[in-house]
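J.: Handing you this structure, nothing more for now.
The values are calculated or read from the model by the stated rules, or taken from the named source; none is laboratory data. Model, not experiment: these values are computed from the prediction. Here the Cβ is made from the backbone with ideal geometry for all residues, glycine too, and neighbour counts use every protein chain on show.
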Amino acid sequence: MSIQFACPHCGKQTVVADQYAGQTGPCASCGAQVTVPYSGTGTIGPPTGGSKGTSPLLIILAVVVVAMLACGGLLAAIVVPAVFSARSAAQRVNSMNHLKQIGLALHNYYDTHNTFPPAVVTDKDGKPLYSGRVLLLPYIERGDLYDRFDKAKAWDSAENLAVSQTMIDTFLDPARTTGGPFRSDYVFVTGKNTILEGNSTVRFADITDGTSNTVIAIETSQGPASWAAPGEWDVDSGTLPPSNHERVRLILYADGSVRPMDHAAAQQIIRAAATRNGGEVIPF
């Protein structure tokens, strides 16, 4: 079979065998480079470096890249909040565990002394010396610090300052974003008729409202600078201090349980729940 074609440069008609289809060579008339077409009659120019139009492959690649970027943005919008939410939930669980450790320490102290510790230890003149958290040290595996602490001196005395400036993980909320490493993010609830009222001692029999209905400690982002400092929350002082958690307040009850409570609800009922013998009905 023969192929007839015309030179695009001089118009010379040429007939060649089909075995030369696709090959390039000089025109017999003008000498210009021409390429033999594969079939039929036609005109074909010299080979070029490629089409001047946009490659379909490039268009496809561009569409894929744009789609990936769009999906990436959507994925980020979904994943990032989920990551923050998961982290907040994990911090809340860890914080609740710290409060449970404090609750267990309070119960172990009670088993040893047949009374709850005072929220604040005072001297004979009623001057605050240090927090009752110092008395819990043997029950949170920090008996070494308890033994070094001079119980007859203030928390910030020369004798006690080094111990008071020791970080204790149990007293730190994992969700905390401010404050030094020695502070306590968990404070006792004090005030009239509370379990840890002043320097008094209270027994289970005195909690007539029920241990599961009576608050004994809370978490806060405004705890004392040192866990040993007597910086508790007095229910008669007014509003609750700020929390380390966005949506809930973590509360330790006298039975050792820890429950999260909506901030608005906590503000409304915690004063009633703090008294040990008020007879209030708490809408939990």
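J.: Pairs needed: first member in region 260-278, buried (at least 17 other Cβ atoms within 10 Å of the Cβ); second member anywhere, in a helix (DSSP H, G or I) and among the hydroxyl-bearing types (Ser, Thr, Tyr); C-beta distance under 6 Å; at least 6 residues apart or different chains.
T.: As it stands, the answer is none, since no pair meets every condition given.
J.: May I ask you to list pairs of residues, at least six apart or on different chains, whose Cβ atoms are under 6 Å apart, with the first in region 243-255 being within 11 Å of residue 89 (Cβ to Cβ) and the second being assigned to a loop (DSSP other than H, G, I, E, B)?
T.: From region 243-255, the pairs are 245/175.
J.: Just for region 242-259: of the residues that are touching a Gly at 6+ places or on another chain (Cβ under 9 Å) and surrounded by 15 or more Cβ atoms within 10 Å (Cβ to Cβ), which one is nearest to residue 179 (Cα to Cα)? Steps first, please.
T.: Narrowing region 242-259 to residues touching a Gly at 6+ places or on another chain (Cβ under 9 Å): 252-258.
Restricting the remaining residues to those that are surrounded by 15 or more Cβ atoms within 10 Å (Cβ to Cβ) gives 252-256, 258.
Values: 252: 22, 253: 25, 254: 27, 255: 29, 256: 26, 258: 23 Å.
Filtering first and then ranking leaves 252.
J.: Sticking with this one: Please work out which one of (1) in a loop (DSSP other than H, G, I, E, B); (2) touching an Asp or Glu at 6+ places or on another chain (Cβ under 9 Å) is the condition residue 178 fails and give its number.
T.: Checking residue 178 against (1) in a loop (DSSP other than H, G, I, E, B); (2) touching an Asp or Glu at 6+ places or on another chain (Cβ under 9 Å), the one that fails is (2).
J.: If you check 235, 189, 202, which single one turns out to be under 18 Å from residue 108 (Cα atoms), among the hydrophobic types (A, V, I, L, M, F, W, C), touching a residue at least 40 places away in the same chain (Cβ under 8 Å) and in the same structural domain as residue 122 (by TED's automatic domain parsing)? Give the steps one after another, and end with the answer.
T.: On the way: 235 fails: under 18 Å from residue 108 (Cα atoms); 189 fails: under 18 Å from residue 108 (Cα atoms).
Within the list 235, 189, 202, the selection yields 202.
J.: What pairs can you find where one residue is in region 151-166 and closer than 16 Å to residue 132 by Cα and among the basic types (Lys, Arg), the other is at pLDDT 95 or above and surrounded by fewer than 16 Cβ atoms within 10 Å (Cβ to Cβ), and their Cβ atoms are less than 9 Å apart, with a gap of 6+ or different chains?
T.: Qualifying pairs under 9 Å: 153/159.
J.: Now for a different question. Please find, within region 89-101, the residue that is nearest to residue 215 (Cα to Cα) out of those that are modelled with pLDDT of 95 or more, surrounded by 16 or more Cβ atoms within 10 Å (Cβ to Cβ) and out of contact with any helix residue (DSSP H, G or I) (no Cβ under 7 Å at 6 or more places or on another chain).
T.: 99
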